[in-house]
1. Considering only lysines 8 or more places apart in sequence, or on different chains, count the pairs in the stretch 38-165 whose C-alpha atoms sit under 23 Å apart.
2. Which shape class, rounded, prolate or oblate, goes with the stretch 30-127 when its Cα gyration tensor gives a ≥ b ≥ c as root eigenvalues, a/c under 1.5 marks rounded, and past that a/b bigger than b/c marks prolate?
3. Given just the C-alpha atoms of the chain, how large is their convex hull per residue in cubic angstrom?
4. Determine the order of Arg92, Arg163 by accessible area, beginning with the largest, at a probe radius of 1.4 Å.
5. Return the FRET efficiency for the residue pair Ile4, Gln84: r is the Cβ-Cβ distance, R0 is 22 Å, and the value is rounded to the nearest 0.05.
6. Calculated from DSSP H runs of 4 or more alone, at -39500 (n - 2.57) each and per residue, what is the 222 nm mean residue ellipticity of the chain, nearest 500?
7. Please find, in a Gaussian network model of the chain (springs between Cα atoms separated by less than 10 Å), the residue of Asp69, Asp14, Asp44 whose mean-square fluctuation is greatest.
Amino acid sequence: MKHISPYRTGIGFDAHLLKKGRPLILGGVNIPCPYGLIGHSDADVLVHSIIDALLGAMAMPDIGTLFPDTDPQYLNVCSINLLQIVLQRIKRNGWQVAQMDSIIITDLPRLAPFVAPIRKSLAAQLKIASGLIGLKAKTTEGTEIALKRKSVAALSIVLLVPRKR
């Protein structure tokens, strides 16, 4: 007997090192900071973790498989563009995002002033109300989950539901 769940959930994680002189982009928002994330793309760890959560919910290959850092077409690509490609795949498969929750882990910079703009940016991309997006910015409290002044990490979970026709 074939069982079809009315929901799908996925979890995603990403981490990148910081480097002086690079732009810091989180959730599609440019954060004023002397340090930015190192990566083949714009290195938006938050969007990358959301993409992996979405792909996981659909039991699809991860972000590195779909958009390899060895492919020159993804050099400096805006991660929001990659998110849109993944969202189109989800839509074609009959699903839509119902809710998302994320944690950004970093000691540099303090992100509290940017939580609302990031939520607004993600709401526009995911086509859900910003009230359905949880976003927390956490410091490492000395645990080195993200290295102090060296890296940023993000963890995301998504809930998908069948797409309204």
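The values are calculated or read from the model by the stated rules, or taken from the named source; none is laboratory data. As the structure is a computational prediction, the values presented were derived from the model and not from experiment. Cβ: placed from backbone, ideal geometry, glycine included. Neighbour counts: every protein chain shown. Accessible surface areas use protein heavy atoms only, side chains included; no ligands, DNA or RNA. Shrake-Rupley method; radii C 1.70, N 1.55, O 1.52, S 1.80 Å.
1. Lysine pairs meeting the criterion: 12.
2. It is oblate, given that a/c is not under 1.5 and a/b is not larger than b/c.
3. With only Cα atoms used, the chain gives 118 Å³ per residue.
4. Output order, biggest surface exposure first: Arg92, Arg163.
5. 0.25
6. It comes out at -8000 deg cm²/dmol, rounded to the nearest 500.
7. Asp69
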